[in-house]
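Here, each number is a calculation from the coordinates, and none is a lab measurement. Bear in mind the structure is a predicted one, so any value in this text is a computation, not a measurement. Because the Cβ atoms are built from the backbone with ideal geometry, glycine has one as well, and the counts that use them run over all protein chains shown.
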Amino acid sequence: MEALWSGPHGDWWKNTKIQIYGWLNFGFNGSTSDKSFHGNKYGNFPTAYDEVPNAVEPDQEVLYIERQPDTVQTDHFDWGFRLTNLYGLDYRFTTAKGIFSNQLLGKNLEYGYDPVMAYVDLYWGQVAEGMNIRIGRYISLPDIEAQLAPNNYTYSHSILYTFDAYTQSGINITTRLSDHWMIQTGLSAGNDVAPWVGEPNAKPTFNGCIAYTWQEGRDNHYACLNSLNSGRYAYNNLQSVYYTWYHKISKNWHTDTEAWYMWEDRVPNLNNPAAKSLLINGANGAYCNNITELTCFAPETAVVNYFEKQFSTKNYLTFRNEFFDDMKGQRTGTKTRYSEHLIGWGHWIGTTVLLRPELRFERSYDRPAYDLGTKKNQLTLAGDVIYFF
């Protein structure tokens, strides 16, 4: 942007308020998992995004083109847009069915392209204390974590976030009612699916959230019904409720906690061979309790906590602890309970390079989930480098 602003058309770029920027993100890890067979090299899974063990990977190379509306005012209309282009290993998690999805669902390419966000914003400052209407493909509303690397404390993601809804395509309205209250409502085609895909995968899906901020911004409580429709088994058709609490302890300490409960109904029973014909490409079946069941109800629950210490403007420390219960194995592919514990460090070099090394230990309690289903424990030393431009 500095180059464009100082070029022959610099004033035009400044007047449009259009920004073009991005980053290059590479990750690495050393892991106690090392197996691969039949083309499956993702032995660290369900760890993400460092699912390839003992490797260096181009995780996400990203280019943003956007214009942000002025939302720090309550007296006029403004507008904006965003197009986020991602290439790399991480597209395997962000892909939405019907949007370049054959790269993953058809060809199972290791690296691919995904337009993670493509939306317009229409902002009316005169409505309440500001109302924004977002139309297009946008990031699913709740969560401490996000798909794009700089929006996270750490390189790797919690298991809670890994098996969350990632994007929705539709319309979402965010309204600030006061200094304390904010509400959000939306209608989409479902989680990680394009509207033009049609039934049974795309269907009208409601979401609604409410946030309450108090103690001069030191506490925020955020509750979301993130997706609600018939709940019948389909591509990532998660029905989910969330609660997130952010708390500032002091100038240099804060903590974030998130919990969710998710479910799908009439999920094909992997224990029953007769249910095989009901499976949808890219959508897991469940390990139902009764082998004679053709389908069953498949829920999961999880909670994660972040504890953050800022040492300076260039250094911070992260502690993350979580519990995840995949009650029917429908999300992770293994019917088990998990725990995960992480310590990570973030260090800025100047203003354009961020380093994030971490040490992570996780366990699946009821059956082996790691190293392609051969180990219950996994230890990884990992990290990434983000170069901003």
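For segment 168-196, filtering for residues that are surrounded by 24 or more Cβ atoms within 10 Å (Cβ to Cβ) and β-branched (Val, Ile, Thr) leaves 1. It is to be established whether one or more residues within segment 244-253 are touching a residue at least 12 places away in the same chain (Cβ under 8 Å) and either small (Gly, Ala, Ser) or farther than 27 Å from Asn321 by Cβ (or both). No; the residues of segment 244-253 include none that is touching a residue at least 12 places away in the same chain (Cβ under 8 Å) and either small (Gly, Ala, Ser) or farther than 27 Å from Asn321 by Cβ (or both). Only one of the numbered conditions (1) buried (at least 20 other Cβ atoms within 10 Å of the Cβ); (2) closer than 29 Å to Arg356 by Cα; (3) without any contact (Cβ under 8 Å) to a residue 60 or more places away in the chain is violated by His157, and that is (3).
Only a single item in (1) over 23 Å from Thr351 (Cβ atoms); (2) surrounded by 16 or more Cβ atoms within 10 Å (Cβ to Cβ); (3) without any contact (Cβ under 8 Å) to a residue 60 or more places away in the chain is not met by His9, and it is number (2). Of the set (1) under 20 Å from Tyr242 (Cβ atoms); (2) among the small types (Gly, Ala, Ser); (3) crowded, with 17+ Cβ neighbours inside 10 Å, all apply to Ala223 but (3).
When the test is whether a residue is touching a residue at least 24 places away in the same chain (Cβ under 8 Å), within 19 Å of the chain's Cα centre (by Cα) and either in a loop (DSSP other than H, G, I, E, B) or under 30 Å from Thr47 (Cβ atoms) (or both), Gln168 passes it. Filtering segment 48-80 to residues that are touching a strand residue (DSSP E or B) at 6+ places or on another chain (Cβ under 6 Å) and acidic (Asp, Glu) leaves Asp50, Glu57, Asp59, Glu61, Glu66, Asp70, Asp78. A single entry from Gly136, Gly43, Gly125, Gly112 fulfils the requirement of being buried (at least 20 other Cβ atoms within 10 Å of the Cβ) and either in contact with a His (Cβ under 7 Å, 6 or more places away or on another chain) or at positive phi (or both): Gly125. Residues in segment 247-292 that are farther than 23 Å from Ala146 by Cβ, surrounded by fewer than 17 Cβ atoms within 10 Å (Cβ to Cβ) and of a type in the set (Ser, Thr, Tyr): Ser250, Ser277, Thr292.
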